[in-house]
Amino acid sequence: MKINSLSRDDALRALSSSENGLTQAEAAKRLGENGFNEIRETYRPNFAVRFLKQFTHFLALLLWVGAGLSFLSAYLHPGEGMLTLGFAIIGVIVINAVFTFFQEYRAEKAFAELKKLLPFNVTVMREGREAKIPALELVPGDIILLAEGERIPADARVTETHFLKINNAALTGESEALLREAGPAQGELLGSANIVFAGTTVLSGSGRALVFATGMSTEFGRIAHLTSAVESGLSPLQKEIVKVTRLIAVLATAMGVAFFMIGHLIGREFWGNFIFAIGIIIANVPEGLLPTVTLSLAMGSQRMAKRKALIKSLTSVETLGAVSVICTDKTGTLTRNSMTAQKIWSDGRITDARDFHASKGDLLMQTALFCTHARYSEGRYTGDPTETALLELARKNIGDLDAAFIAEIPFSPDRKRMTTIHRFQGDLVLFTKGAMENVMPLCSRYLTHGVEQEIDDTFRLQATQACHHLMDAGLRVLAFAYKTAVRYDPASLIEPNKQSSRASVGVSLENDLVFAGLIGMEDPPRPEVPEAIRKCHDAGIKVVMITGDGSRTAVAIAREIGLIQGDPIVIEGHEFNMLSDRELKKQLAGREVIFARMTPKHKMRVVSALQENSERVAVTGDGVNDAPALKKADIGIAMGISGTDVAKEAADVILLDDNFATIVNAVEEGRAVYENIRKFISYIFSSNIPEIVPYIAYALLKIPLPLTVMQILAVDLGTDMLPALALGAEKPTPDLMKQPPRKPDERLLNFGLLGRAYLFLGPIEAAAAMFGFFYVLSTGGWQWGSEMPANSVLYLQATTSCLTAIIITQTANIFACRSFRESAFRIGLFSNRLIFIGIAVEVLLQLFIVYHPWGNRIFSTYAIAPGIWLVLAPFALFLFCAEEARKAVVRSI
């Protein structure tokens, strides 16, 4: 018999469980029998397959052709050095494959570590007590507690429900709210009203359910093979790098062919021209660019995680740096989410909470005590901070009272109130708390000095003024009301849906209430927030507050944290609904904007309007209804502590501390990652010019080849690698958060970056390289136009000098590339220790190439006099000073 057709008691017996859940020993036994509650990947390419893919991409295929032609050349014309070149090109392919594979592996491991920072936990009943356990350890027979916004961890049979609505879109594709019921049902499991499935989400309400399937035995597990083969694509930045690399490769090939033809026309022999063409191609192509970018993004994600921002995708890293507007909640993000009751308005006067005293019959305190989800157990309060503050206040004044919970009409962003019904002292009593404007209209009487009186305009004005006074002090204000001798029919609380034809009359209970009073609670701003707000203003980022609190409370807090200075544009929920899209976009163009009494569904429209104003928007959220806005925004940011599973899944970034300052830190890191990528691209591209110029001079001026292909490879895949990676670890420069956000259409490889590398820094390095080459030749007695054997000592020393000049100027270039505007002295010459490690390795490798017999043999070099290093050193100093002068000019404009 299917579990959906069983009664609750029969279902519990069928799985040898009870309402108290399993014992720890039984749960451990079942975990051993059933395994972890996880969806395993059905297919994943092994390391060998993934490694072999590195040999078949576009650039690798291009180099394979070059190697093949080199071997053909060696076969037809032996003794020309083409065999060595062929093996060298294969060496390039292998080194590039190993490097790329290693970088991708490191990036993958980095993201795997990040996932561990946010485990998926569930609440279960174990031995009659609630316990939080990892979802992995869930077993059949467990009783799970379900609450709004949570992801359901396993297939389960509902045993208790309070307006429990779920969304089965993950399984069915239909995102309707489906009401769950606890009674038996017939038919298939997927259509049963008493079954919830792994991977689906709780939209509203709460309940309990009996787990009957976990892991690969769930409905979600059965379709795992359909999703496991789907691979994540490249981020926009990575795609741009791929396109640029291919474009450069094509241009380099075209350039090689063009100069091959020019060489042929001026009488160069075929194989000499061929070597030249291969050199041009290898000199231009940035072999390690894409894996370096990928690793930089992954390392940026890890740095953000250390600053409490968990990045879910590489795309988010690059997008964060371009954010121009942050739409943020107030509670818990700008404030501590640590509520304390401060003021109480009852009997017509405001009293400090510390001085308030009430009897056990005080109905204001009774409402605060009973109308809540908060709990006091084992010496501590658990639940929503607002509710725990109210429960603490009530217990302090009237202690614990016995009352049987009967029913609940849950809080919703639209209703802005919560109602519970309890059997208390023999009567059914209804307790309501919520926003003043949502509770007062339901009341016909008010309580003063223990006597109920009819509400009149005088009282409404008095209560409104008291509420405004508390809100102006920055307090969150809730109104409380009650009704005794309630006539309650359980059917009246059922909302209509496809599975029930009973009418919705639940709200009819919430009328003719008695207004009991107001309580104002303080949620102090986080101490880091004012400085974070200032950094946003300096960085040209507008911060828009979107809160469910009243406008007076919102303005008071905004002014306290420095979010507003003058008179802001304040839009409340009812006003928002009346604005046309055009009017909304006009209001959002204002400098200081606050939205109050807003519901999560309003966020979506705000985000859309900002995006239509050409803004890049980051938005925070923690609830189920925030998910659409989180998905719509350029960057969705979910709260890691208070956020629901639904919000976390929809978001791109998860704040591990729910702190607004962490958002600003993440934006700064996002900008830094993007800038660092541009820095090492500038560094790598700068060395292309001194690698290309010798080949152009060789082809046009009929001189010996100043730089061999092997020596180019020594630069690109040897000496340049570690310094380039060190630039990827640069900390944010002091002025990074004082610049406006980059424009959405700004390209990574723009004219400014390429011009700096190819037209400014590169030519200086090329001049040094050619000077070194001709200096050695001229001091050795060489005369223009005379032939030189490829193995002559003078020629080998000249090419070695050319290579050494490139290395020396690159050591200066790495300091020049540490920023685009700031002086190297301002950011600190010694602030990045990896730079010096990179330079040390670069110099040691060059010393090996120049002075060790193995280096001489592999790279066709010969030892040069130490004096030559001193002759070339001024070029490095000139490059550094020239770049400092350029930066000074840029800063002055």
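Could you list all residues from region 480-501 that are part of a loop (DSSP other than H, G, I, E, B) and either at pLDDT 70 or above or open to solvent by 50 Å² or more (accessible area, probe 1.4 Å) (or both)?
Of everything in region 480-501, those that are part of a loop (DSSP other than H, G, I, E, B) and either at pLDDT 70 or above or open to solvent by 50 Å² or more (accessible area, probe 1.4 Å) (or both) turn out to be 484, 485, 486, 487, 488, 489, 495, 496, 498, 499, 501.
With the requirement that a residue be under 22 Å from residue 244 (Cβ atoms) and surrounded by fewer than 24 Cβ atoms within 10 Å (Cβ to Cβ), what does region 647-671 give you?
Selection gives 671 alone.
Please report, ordered by residue number, the helices (runs of 4 or more DSSP H) entirely within region 639-703 with at least 2 residues that are under 30 Å from residue 120 (Cα atoms), out of contact with any strand residue (DSSP E or B) (no Cβ under 8 Å at 6 or more places or on another chain) and of a type outside the set (Val, Ile, Thr).
Those helices (runs of 4 or more DSSP H) span 660-686.
Yes or no: region 776-783 includes at least one residue that is touching a Gly at 6+ places or on another chain (Cβ under 6 Å) and either at pLDDT below 90 or of a type outside the set (Gly, Ala, Ser) (or both).
For region 776-783, residues touching a Gly at 6+ places or on another chain (Cβ under 6 Å) and either at pLDDT below 90 or of a type outside the set (Gly, Ala, Ser) (or both): absent.
In region 555-564, which residues are surrounded by 16 or more Cβ atoms within 10 Å (Cβ to Cβ) and not in a loop (DSSP other than H, G, I, E, B)?
Selection gives 555, 556, 557, 558, 560.
Please state which of the following conditions residue 465 fails to meet, knowing it meets all the rest: (1) under 30 Å from residue 448 (Cβ atoms); (2) at pLDDT below 90.
Status for residue 465: all satisfied but (2).
Please list, ordered by first then second residue, the pairs with beta carbon atoms under 6 Å, 6 or more apart or interchain, first in region 433-445 and open to solvent by less than 20 Å² (accessible area, probe 1.4 Å), second in a helix (DSSP H, G or I).
Listed by first residue and then by second, the contacts come to 436/467.
For the subset of region 363-378 comprising residues that are at pLDDT 95 or above and in contact with a helix residue (DSSP H, G or I) (Cβ under 6 Å, 6 or more places away or on another chain), which member is surrounded by the fewest Cβ atoms within 10 Å (Cβ to Cβ)?
369
Give all pairs with beta carbons closer than 9 Å in which a residue from region 554-565 that is assigned by TED's automatic domain parsing to the domain that holds residue 598 meets a residue that is open to solvent by less than 30 Å² (accessible area, probe 1.4 Å) and of a type in the set (Asp, Glu); count only pairs at least 6 apart in sequence or on separate chains.
Hits for this filter: 557/523; 557/549; 558/592; 563/592; 564/592; 565/592.
Cβ-Cβ below 8 Å, separation at least six or inter-chain, first residue in region 251-265 and free of Cβ contacts under 8 Å to residues at least 12 places away in the same chain, second assigned to a helix (DSSP H, G or I) and not polar (S, T, N, Q): which pairs?
If the second residue must be assigned to a helix (DSSP H, G or I) and not polar (S, T, N, Q), the pairs left are 264/270.
Among the residues of region 625-641, count how many are charged (D, E, K, R), surrounded by 24 or more Cβ atoms within 10 Å (Cβ to Cβ) and within 15 Å of the chain's Cα centre (by Cα).
0
With respect to residue 745, is the statement that it is acidic (Asp, Glu) and without any contact (Cβ under 8 Å) to a residue 24 or more places away in the chain true?
Taking the combined requirement at face value, the residue satisfies it.
With (1) touching a Lys or Arg at 6+ places or on another chain (Cβ under 7 Å); (2) closer than 29 Å to residue 131 by Cβ; (3) modelled with pLDDT of 90 or more as the list, and residue 452 as the residue in question, which single condition is left unmet?
(2)
Looking at region 738-755, can you tell me whether even one residue there is of a type in the set (Asp, Glu) and either more than 25 Å from residue 839 (Cβ to Cβ) or assigned to a helix (DSSP H, G or I) (or both)?
yes
Might you check whether a residue that is modelled with pLDDT under 90 and at negative phi occurs anywhere in region 415-429?
The answer is yes, given that some residue of region 415-429 is modelled with pLDDT under 90 and at negative phi.
For residue 620, are the conditions met, namely being of a type in the set (Val, Ile, Thr), closer than 23 Å to residue 464 by Cβ and either surrounded by fewer than 16 Cβ atoms within 10 Å (Cβ to Cβ) or outside the structural domain of residue 416 (by TED's automatic domain parsing) (or both)?
So residue 620 does not fit the description; no.
Of everything in region 181-208 that's touching a Ser or Thr at 6+ places or on another chain (Cβ under 6 Å) and assigned to a strand (DSSP E or B), which residue is farthest from residue 644 (Cα to Cα)?
Going through the qualifying residues, I end up with 208.
Only one of these is charged (D, E, K, R), in contact with a helix residue (DSSP H, G or I) (Cβ under 9 Å, 6 or more places away or on another chain), crowded, with 18+ Cβ neighbours inside 10 Å and on the phi > 0 side of the Ramachandran plot: 343, 308, 312. Name it.
That would be 308, the only listed residue that is charged (D, E, K, R), in contact with a helix residue (DSSP H, G or I) (Cβ under 9 Å, 6 or more places away or on another chain), crowded, with 18+ Cβ neighbours inside 10 Å and on the phi > 0 side of the Ramachandran plot.
Please note which helices (runs of 4 or more DSSP H) are completely contained in region 778-893 and include at least 3 residues that are without any contact (Cβ under 8 Å) to a residue 24 or more places away in the chain.
In region 778-893, the matching helices (runs of 4 or more DSSP H) lie at 833-851, 853-859, 866-892.
Results for (1) within 14 Å of the chain's Cα centre (by Cα); (2) assigned by TED's automatic domain parsing to the domain that holds residue 762, shown as yes or no for each residue.
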position	(1), (2)
643	no, no
652	yes, no
663	yes, no
666	yes, no
670	yes, no
680	no, yes
684	no, yes
691	no, yes
695	no, yes
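Would you mention how many residues in region 176-192 are in contact with a strand residue (DSSP E or B) (Cβ under 7 Å, 6 or more places away or on another chain) and of a type outside the set (Lys, Arg)?
The number of residues fulfilling the criteria is 6.
Of everything in region 502-514 that's open to solvent by 10 Å² or more (accessible area, probe 1.4 Å) and hydrophobic (A, V, I, L, M, F, W, C), which residue is modelled with the lowest pLDDT?
Looking at the filtered set, the residue picked out is 503.
Is there any pair linking a residue in region 127-154 that is closer than 18 Å to residue 648 by Cβ and open to solvent by 10 Å² or more (accessible area, probe 1.4 Å) to one that is part of a loop (DSSP other than H, G, I, E, B) and not basic (Lys, Arg), with Cβ under 6 Å and at least six apart or on different chains, and which?
134/119; 136/36; 136/37; 136/38; 153/138
Any idea which of (1) open to solvent by less than 40 Å² (accessible area, probe 1.4 Å); (2) part of a helix (DSSP H, G or I) is the one residue 477 doesn't satisfy?
(2)
Might you check whether a residue that is free of Cβ contacts under 8 Å to residues at least 12 places away in the same chain and either touching a Phe, Trp or Tyr at 6+ places or on another chain (Cβ under 7 Å) or open to solvent by 10 Å² or more (accessible area, probe 1.4 Å) (or both) occurs anywhere in region 717-733?
No, there is no match, as no residue in region 717-733 is free of Cβ contacts under 8 Å to residues at least 12 places away in the same chain and either touching a Phe, Trp or Tyr at 6+ places or on another chain (Cβ under 7 Å) or open to solvent by 10 Å² or more (accessible area, probe 1.4 Å) (or both).
The values are calculated or read from the model by the stated rules, or taken from the named source; none is laboratory data. The shown structure was predicted, so the numbers you read here are calculated from the model rather than taken from an experiment. Reconstructed Cβ throughout: ideal geometry from the backbone, glycine too, with neighbour counts over all protein chains shown. All accessible areas refer to the heavy atoms of the entire protein, side chains included, with ligands and DNA or RNA removed. Shrake-Rupley method; radii C 1.70, N 1.55, O 1.52, S 1.80 Å.
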